[in-house]
Amino acid sequence: MNGKDIPMAMLEIEKLHVSVEGKPIIRGLDLSVDAGEVHAIMGPNGSGKSTLAYVLAGREGYEVTAGTIRFLGQDLLAMEPEERVAAGLFLAMQYPVEIPGVSNMYFLRQAVNAVRKARGEPEIKPGEFMKKLREAAKLVGIPEELLRRDLNTGFSGGEKKRNEILQMAMLEPKLAILDETDSGLDIDALRMVAEAVNRMRSPERAFLVITHYARLLNFLVPDRVHVMIAGRIVKSGGRELADELEAHGYEPFTAEAA
Amino acid sequence: MAASTDILREITEREYRWGFVTPVEEELVPPGLNEDIIRLISQKKGEPEWLTEWRLQAYRRWRTMEEPRWAKVHYPPIDYQAISYFAAPKQKERPKSLDEIDPEIRRTYEKLGIPIREQEILAGVAVDYVFDSVSVATTFRKKLEDLGIIFCSISEAVRDHPELVRRYLGSVVPPGDNYFAALNSAVFSDGSFVYVPKGVRCPMELSTYFRINAAGTGQFERTLIVADEGSYVSYLEGCTAPMRDENQLHAAVVELIALDEAEIKYSTVQNWYPGDKEGRGGIYNFVTKRGLCKGRRSKISWTQVETGSAITWKYPSCILQGDESVGEFYSVALTNNYQQADTGTKMIHIGRRTRSRIISKGIAAGRSQNTYRGLVRVLRGAEGARNYTQCDSMLIGDKCGAHTVPYIEVKNPTARVEHEATTSRISEDQLFYCRARGLSMEDAVALVVNGFCREVMDELPMEFAVEARKLLGISLEGSVG
Ligand SMILES: Nc1ncnc2c1ncn2[C@@H]1O[C@H](COP(=O)(O)OP(=O)(O)OP(=O)(O)O)[C@@H](O)[C@H]1O
Ligand SMILES: [Mg+2]
């Protein structure tokens with residue numbers, strides 16, 4: 001609450017400008033997401049969607065040249081990536097990274113405990129962790145064998161994406177950003193992932209879903225859909241906007257953006 | 001990022017955690033090296049005539065030799081006359097039971113996390129505690145004796161099992177083998193002795209923990225392990241030293257002998273004081289380790305995790321004499337700040353169908369230099385010998401160096417020798433991915449490095465794997481900024 005009894009937005013992005021290697025990619029982006037909401041961002045390849053996701057997660061090499069981002073009232077840009085995670089931000093990446101020699105399960109436990117430690121909580125008990133992990137793995141259709149394998153190493157594209165959702169389920173973020181988690185998933189996997197997200201929906205949690213396909217949004221049913229073109233949000237609307245895009249493409253908006 | 005640099009600075013300035021000094025009264029022989037000093041050491045230890053003579057011959061040999069300079073390490077000349085070659089905590093005689101040990105020494109090992117007790121964390125491990133030049137305690141002796149296994153300090157072995165010591169001492173690393181081995185043979189003070197009788201499988205890990213405490217000294221321990229026919233033993237050594245501005249010399253010799261169908265697994269977690277972040281102080285770790293697979297189908301496996309020392313110069317080797325014998329070398333060498341490591345192995349194939357496997361992981365951070373140097377030699381008679389070598393290096397930052405120097409000499413046309421090598425920089429993508437899952441930068445680096453070393457870490461006895469994993473993380477603190 002901001003004192004005027006108006007709920008403060010969970011995520012508030014204002015006039016954001018971001019350059020990568022000196023090249024402006026995000027050029028004046030505004031976005032506000034409230035707790036309990038699901039927002040979708042759609043936009044052509046190269047429009048800056050993943051760039052936005054990385055900036056939110058705090059990746060190096062993305063220079064914020066102007067603008068502000070507030071997350072749960074804090075200045076997000078002043079925080080280290082791991083502090084953002086501890087504060088409740090999670091990014092399911094478009095291209096999950098392989099880490100050879102580190103088992104998926106071990107990694108998950110390190111992650112869960114790192115976040116707990118940052119929040120001043122004790123480490124999770126091994127039994128409790130396993131129980132939670134098994135439940136979450138079942139929900140997203142990850143077999144036990146994949147939990148023992150090295151993190152993302154040799155995983156199929158779809159397995160990697162599902163594994164991101166598994167991590168999300170284990171870390172229980174307040175704001176989850178899903179960057180094209182649906183790309184590369186078969187129909188059943190898509191349903192499972194959508195189901196996992198839907199189960200996690202709650203009045204305290206928000207989702208920012210980046211996707212190219214209206215299909216995911218049929219399962220997820222977003223509160224808002226934004227069209228991002230050339231580093232800006234050029235149009236926002238309800239879920240029907242996704243179907244409109246599916247029917248007519250981005251062309252009508254590209255003209256507007258120019 | 002400004003914030004992360006501050007955190008990193010704070011962490012880099014954190015001190016070596018094992019760097020304290022124990023306030024115990026020690027007896028030191030005066031610095032310097034000559035025949036009288038050697039006679040004095042030998043006399044203090046109550047040694048038989050043959051051993052005094054053996055030392056003196058090694059000393060005479062050493063005087064004719066020159067310090068090797070071929071390794072890719074740099075250090076100012078060592079003044080061998082400035083070192084005291086014997087330091088021992090003052091006590092009338094070696095305590096008869098574990099309860100009689102000096103409380104200060106007891107506290108030292110508690111602080112190091114390896115309490116002198118036959119219980120709790122080390123319940124499955126028998127430990128020989130070497131404090132400066134002498135062994136101060138050995139646990140689980142009785143239990144091992146019941147199986148006929150001898151595990152004691154080498155001084156006791158000289159007294160109680162002279163025939164075994166005399167037969168094998170210097171049989172794998174002769175006193176004149178190299179400069180540091182000759183020095184060690186002349187002045188070695190203590191170390192461990194293991195004998196496993198025929199057909200006995202040693203039921204617990206045997207371990208020696210070396211601690212340098214006194215200033216102005218060196219440590220010159222000698223380890224001798226003999227595995228008789230069909231026996232098995234797994235042995236581990238660990239070590240630490242106080243933080244000092246001076247460089248202290250550690251010149252050990254380790255000899256392993258495996259008879260027919262015997263197997264020795266030798267693991268090292270080397271954590272000597274590495275010097276400060278400007279490169280001042282630290283241990284010079286110049287060690288000769290060699291195993292002889294004397295019997296057919298015998299096996300010797302070296303696993304080392306090297307994180308400490310200002311300079312490491314060591315090549316644990318296997319002489320594969322018995323037909324179908326097997327030699328293995330698994331190594332993690334991690335250097336940070338101004339540390340230098342030149343380490344690797346030698347696999348000498350003599351017997352038929354002998355096999356060797358070398359897995360080396362070098363990690364260089366800070367301004368350190370990390371060299372893998374390895375020799376695979378297949379002699380004429382080694383029909384059907386096989387070797388597989390894999391050397392991977394990881395660089396953290398851009399001021400360090402990693403080098404791979406493989407020597408291969410094959411005299412038998414039926415031999416198969418394979419060598420693979422990679423060098424890569426620690427992946428920013430991997431570090432970011434870890435941080436995006438809540439891990440701190442330090443934990444991310446430790447995790448990625450541990451993953452990189454996994455094959456080697458998996459070879460460590462379980463009791464030590466967890467500690468070794470933590471140690472890699474601690475040794476890398478402040479390496480990424
Ligand atoms: N490291 C980089 N160096 C140079 N250009 C970059 C870099 N990273 C991103 N870009 C450029 O920034 C633009 C936006 O990329 P981004 O990945 O954010 O697009 P996107 O909207 O996620 O596209 P897609 O739908 O294909 O995933 C692209 O033109 C891309 O080439
Ligand atoms: Mg993208």
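The values are calculated or read from the model by the stated rules, or taken from the named source; none is laboratory data. Being a predicted model, the structure only gives us computed values, none of them experimental. Methodologically, a virtual Cβ is constructed for each residue, glycine included, from the backbone with ideal geometry; neighbour enumeration extends over all protein chains shown. Just the protein is used for accessible areas: all its heavy atoms, side chains included, with ligands, DNA and RNA removed. Shrake-Rupley method; radii C 1.70, N 1.55, O 1.52, S 1.80 Å.
One table, with the values for the structure above:
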{"item": "Filter result (under 24 Å from residue B:405 (Cβ atoms), touching a Ser or Thr at 6+ places or on another chain (Cβ under 8 Å) and open to solvent by 10 Å² or more (accessible area, probe 1.4 Å)) within region B:293-319", "result": "B:313, B:315"}
{"item": "Residue A:51 being within 16 Å of ligand 2 (Cβ to nearest atom) and among the β-branched types (Val, Ile, Thr)", "result": "yes"}
{"item": "Hey, residue B:373 out of contact with any helix residue (DSSP H, G or I) (no Cβ under 7 Å at 6 or more places or on another chain), away from chain A (no Cβ under 13 Å) and open to solvent by less than 50 Å² (accessible area, probe 1.4 Å) or not", "result": "yes"}
{"item": "Single residue of B:447, B:439, B:476 found to be outside the structural domain of residue B:361 (by TED's automatic domain parsing) and touching a residue at least 40 places away in the same chain (Cβ under 8 Å)", "result": "B:476"}
{"item": "Residue under evaluation residue B:451, criteria (1) in a helix (DSSP H, G or I); (2) more than 8 Å from chain A (Cβ to nearest Cβ), criterion not met", "result": "(2)"}
{"item": "Residue identified as open to solvent by 70 Å² or more (accessible area, probe 1.4 Å) and within 12 Å of chain B (Cβ to nearest Cβ) among A:70, A:84, A:119", "result": "A:119"}
{"item": "Scan of region A:30-59 for residues that are among the small types (Gly, Ala, Ser) and within 8 Å of ligand 1 (Cβ to nearest atom), ordered by number", "result": "A:43, A:46, A:47, A:48, A:50, A:53"}
{"item": "Residues (more than 13 Å from residue B:38 (Cβ to Cβ), basic (Lys, Arg) and open to solvent by 100 Å² or more (accessible area, probe 1.4 Å)) located in region B:48-77", "result": "B:69"}
{"item": "Residue check, residue A:28 away from ligand 2 (no atom under 13 Å from the Cβ), of a type outside the set (Val, Ile, Thr) and surrounded by 22 or more Cβ atoms within 10 Å (Cβ to Cβ)", "result": "no"}
{"item": "Subset of region A:204-215 (residues that are away from ligand 1 (no atom under 13 Å from the Cβ), touching a residue at least 40 places away in the same chain (Cβ under 8 Å) and open to solvent by 10 Å² or more (accessible area, probe 1.4 Å))", "result": "A:204, A:205"}
{"item": "Hey, residue A:42 within 16 Å of ligand 2 (Cβ to nearest atom), facing chain B (nearest Cβ under 9 Å) and open to solvent by less than 10 Å² (accessible area, probe 1.4 Å) or not", "result": "no"}
{"item": "Test: residue in region B:370-386 that is of a type in the set (S, T, N, Q) and farther than 30 Å from residue A:151 by Cα", "result": "no"}
{"item": "Subset tally (residues that are surrounded by fewer than 15 Cβ atoms within 10 Å (Cβ to Cβ) and over 30 Å from residue A:80 (Cβ atoms)) for region B:409-454", "result": "9"}
{"item": "Strands (runs of 3 or more DSSP E) contained entirely in region A:57-167, each with at least 2 residues that are acidic (Asp, Glu)", "result": "none"}
{"item": "Every residue from region B:136-194 that is crowded, with 23+ Cβ neighbours inside 10 Å, aromatic (Phe, Trp, Tyr) and either closer than 20 Å to residue B:40 by Cβ or out of contact with any helix residue (DSSP H, G or I) (no Cβ under 8 Å at 6 or more places or on another chain) (or both)", "result": "B:180, B:188"}
{"item": "Hey, residue A:190 within 16 Å of ligand 2 (Cβ to nearest atom), surrounded by 18 or more Cβ atoms within 10 Å (Cβ to Cβ) and more than 13 Å from chain B (Cβ to nearest Cβ) or not", "result": "no"}
{"item": "Residue count, region A:240-258 (criterion: of a type outside the set (Gly, Ala, Ser) and touching a helix residue (DSSP H, G or I) at 6+ places or on another chain (Cβ under 6 Å))", "result": "2"}
{"item": "Residue list for region A:87-116, filter: within 24 Å of residue A:210 (Cβ to Cβ), surrounded by 17 or more Cβ atoms within 10 Å (Cβ to Cβ) and out of contact with any helix residue (DSSP H, G or I) (no Cβ under 6 Å at 6 or more places or on another chain)", "result": "A:87, A:88, A:89, A:93, A:98, A:107, A:111"}
{"item": "Filter result (in a loop (DSSP other than H, G, I, E, B) and open to solvent by 10 Å² or more (accessible area, probe 1.4 Å)) within region B:215-239", "result": "B:215, B:216, B:228, B:229, B:230"}
